[in-house]
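S.K.: Please see the structure below; I have some questions.
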Amino acid sequence: MRTLWTALLVTGMAGWAAHAETGLQRGKRVVDEALAALGGQAFLNMQNRVETGHIYSSYNDKVSGMAMDALYTTYLPRPDPPEPGFLGVRVRDARGRKPEDIVLKKQEDIILYTDGTGYEVTFRGARPLADTVIQQFKIATLHNIFYILRQRLTEPGLVLDARDADFLDNRPVEIVDITDANNDTVTVYFDQLTKLPTRQRYYRKDPIDNSKLEEVSVYAKYRDVGGGVMWPFAIRRERNGEKIFEMYSETVEINQDFKDSMFALPAGLKILKKDK
């Protein structure tokens, strides 16, 4: 009951504040509060991150696979002046092995996204990923709220426009449409009490039949991962209302001593035929 009354009070205050602010003013305030809740300058200064835990793939809302995962992410310097659509991240995804079995210098059984390209690396060599896979990775990254806050906030043409406050899963939320210069929009739901992102939604076209796809991500179980930086340990993704992916992290560490070679193909590695 106390939680409900608190939620109602916060919603009422938010509603009163909404009349005193424009949508753009409220959108900026909500995003600024979220950035502060995530760690502020410490979040903006985060250079890299490694997440280890369990991932679950789903099909027709049924679990179709489970594996251990070690996801390494490093951020590239933002260009000055900022460039719309800049993909400033490299990712190394090592699935199917326990974290203690993953040797960083071993370039096998990984998915690598680096500098606009991508490879599946096995003992046979490096197979370039299909163009559709690379494009999907780029779209997902550019629409990810944590990437937007870390890399895109100063991007020319980026608009933050708040909707009316609402409830999501019995929690009061602020809703902000973040639209870039290409008129691509991601709608983000921020918890009014914690100020943290809890859900996001955007739409994209299916590269096969050009149909409209709804992409939803849900974030929960935030923890301090160092220096006041908050990160979700539970992430769920849905497509057109069906669950397709879940990750439950056991550990998340930031600002590790990553070598550039982690995100590059080793010299002399055989390059295989590209996926279609």
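The values are calculated or read from the model by the stated rules, or taken from the named source; none is laboratory data. Just so it is clear, the model here is predicted, and its values are computed rather than measured. Glycine also receives a Cβ, built like all others from the backbone with ideal geometry; neighbour counts cover every protein chain displayed. Protein only, heavy atoms only, side chains kept; ligands, DNA and RNA dropped before computing areas. Shrake-Rupley method; radii C 1.70, N 1.55, O 1.52, S 1.80 Å.
S.K.: Please check: in the Gaussian network model of the chain (C-alpha springs, under 10 Å), which one of 184, 161, 206 has the largest mean-square fluctuation.
M.R.: Of the options given, 206 has the highest mean-square fluctuation.
S.K.: For helix 2-20, what angle does its Cα long axis make with the longest principal axis of the chain, in degrees from 0 to 90 and rounded to 10?
M.R.: 80 degrees
S.K.: Over the Cα atoms of segment 89-228, what Rg and Dmax result, in angstrom?
M.R.: So, for segment 89-228, Rg and Dmax equal 18.0, 54 Å respectively.
S.K.: Here's something else I'd like to know. Provide the per-residue ³J(HN,Hα) series for segment 125-132, in order, calculated from phi with Karplus coefficients 6.51, -1.76, 1.60 and θ = phi - 60°, each as a whole number of Hz, with x at glycine and proline positions.
M.R.: x, 10, 9, x, 6, 4, 4, 5
S.K.: Round to the nearest 10 and report in Å² the accessible area of residue 262, as given by a 1.4 Å probe over the protein chains' heavy atoms.
M.R.: Answer for residue 262: close to 10 Å² accessible.
S.K.: Quick check: with the 1.4 Å probe, what order do 185, 154, 114 take by accessible area, largest first?
M.R.: Result of the area sort, largest leading: 154, 185, 114.
S.K.: Which value, in debye to the nearest 20, describes the size of the charge dipole of the chain about its Cα centre when Lys and Arg Cβ atoms bear +1, Asp and Glu Cβ atoms bear -1, and nothing else is charged?
M.R.: Magnitude of the dipole: close to 580 debye.
S.K.: Same structure again: From the protein chains alone at 1.4 Å, what is the descending order of accessible area for 276, 138, largest first?
M.R.: 276, 138
S.K.: Shifting gears a bit: Rank 150, 237, 127 by mean-square fluctuation in a GNM of the chain with C-alpha springs under 10 angstrom and give only the top-ranked residue.
M.R.: Taking springs between Cα atoms under 10 Å, the residue moving most is 127.
S.K.: Average the reciprocal distances over every distinct pair of alpha-carbons in the chain, invert the result, and give the Kirkwood radius in Å.
M.R.: 20.1 Å
S.K.: Need one word for segment 224-276: rounded, prolate or oblate. Basis is the Cα gyration tensor (sqrt eigenvalues a ≥ b ≥ c); a/c below 1.5 gives rounded, then a/b vs b/c decides.
M.R.: Taking the square roots of the gyration eigenvalues as a ≥ b ≥ c, segment 224-276 is oblate.
S.K.: Enumerate the amide H contacts of residue 53 below 5 Å, restricted to partners 5 or more residues apart or on another chain; note that Pro and chain-start residues carry no placed amide H.
M.R.: Long-range HN contacts for residue 53: 69, 250.
S.K.: May I pose another question? How large is ³J(HN,Hα) for each residue in segment 158-165, as worked out from phi by the Karplus curve 6.51 cos²θ - 1.76 cosθ + 1.60 (θ = phi - 60°), to whole Hz, x for Gly and Pro?
M.R.: Result, rounded to whole Hz: 6, 10, 10, 10, 7, 8, 5, 5.
S.K.: With a 10 Å radius around each residue's Cβ, average the other Cβ atoms per peptide and rank 44-52, 238-246, highest first.
M.R.: Packing proxy ranking, top to bottom: 44-52, 238-246.
S.K.: Convert each backbone phi in segment 213-218 into a coupling constant with the Karplus relation 6.51 cos²θ - 1.76 cosθ + 1.60 (shift: θ = phi - 60°), then list the ³J(HN,Hα) values in order as whole Hz, x for Gly and Pro.
M.R.: 10, 9, 10, 10, 10, 10
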